[in-house]
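First comes the structure, then the notes that go with it.
The values are calculated or read from the model by the stated rules, or taken from the named source; none is laboratory data. Bear in mind that the values here come from a model prediction, so they are computed numbers and not experimental data. In this analysis, Cβ positions are derived from the backbone assuming ideal geometry, glycine residues included, and neighbour counts consider all displayed protein chains.
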Amino acid sequence: MITCNNVNRITDLTFSSYLLLPQYSHSYLKNERHGFSQAPTVSVKMRLGSLVDGLLTGGEVDMADKLYPIAKNIAAKLSAEFGWAIKRLHKQVSYTGVMLYDAGRAKFTLPVKTRPDFEEQKTFIIDLKVTDEIDVDKAINFLGYKNQMFGYGKMAGCPVAYLLMYRRKMRDTVIRKITIGDSNKFWEEKIIKFGKAA
């Protein structure tokens, strides 16, 4: 079982300031190989997703980016469909805390940071994804989104997470519900590898 302790909820923290926080993030742990984490190459898809995210959450947006018009169009479509919900949700709330993994005979702890896109406090979190994949379930499994949502949900104390996935090829949005359970294999392994015995 994984639980979270000493959780801090931080509002109005810029993304650049969030990156400077010393705790482990899902992104860092996901890209870790042999004890080192390679910063992911920022692809066109990632840039587009970040722009859409920024437009919908009020984050940092580079209007000079060539992808900006495309991102603005996607954000407008999402706002038209889900704007009523987006307006009332908390945006880009940062969390820091300690994950505790009870492995039976031993317990391990790891300092963690998370930053979901949208949040209804203590109820659910939503993360936005822009994808070129038609089969979103395949993308969710391949890219480890369930692991990411587990970390977000656990730290925020939310039992449910939703992925709001805009499919560019279909020009539509698919929503997937992810229930945050008691534990997660990815996090168990990372807590043991990078954490310390409690």
Next item on the list: For segment 14-37, name all the residues that are surrounded by 15 or more Cβ atoms within 10 Å (Cβ to Cβ), outside any helix (DSSP H, G or I) and either modelled with pLDDT of 95 or more or among the basic types (Lys, Arg) (or both).
Entry: Leu21, Gln23, Tyr24, Ser25
Check: Which of the following residues is touching a helix residue (DSSP H, G or I) at 6+ places or on another chain (Cβ under 8 Å) and of a type in the set (Lys, Arg): Lys77, Lys30?
Finding: Lys30
Notebook entry, point to check: Restricting attention to segment 160-198, and to residues there that are assigned to a loop (DSSP other than H, G, I, E, B) and in contact (Cβ under 8 Å) with a residue 60 or more places away in the chain, which single residue is farthest from Ile74 (Cα to Cα)?
Noted result: Ala198
Checklist line | Candidate set from segment 53-74 (those that are assigned to a helix (DSSP H, G or I) and over 12 Å from Arg168 (Cα atoms)); member that is nearest to the chain's Cα centre (by Cα) | finding: Asp53
Margin query: So for segment 92-113 (the condition being over 24 Å from Asp172 (Cβ atoms), touching a residue at least 40 places away in the same chain (Cβ under 8 Å) and of a type in the set (Lys, Arg)), does at least one residue qualify?
Written below: yes
Note to self: Could you check segment 39-67 and list, in sequence order, the residues that are within 17 Å of Asp132 (Cα to Cα) and surrounded by 12 or more Cβ atoms within 10 Å (Cβ to Cβ)?
What the structure shows: Lys45, Met46, Arg47, Leu48, Gly49, Ser50, Leu51, Val52, Asp53, Leu67
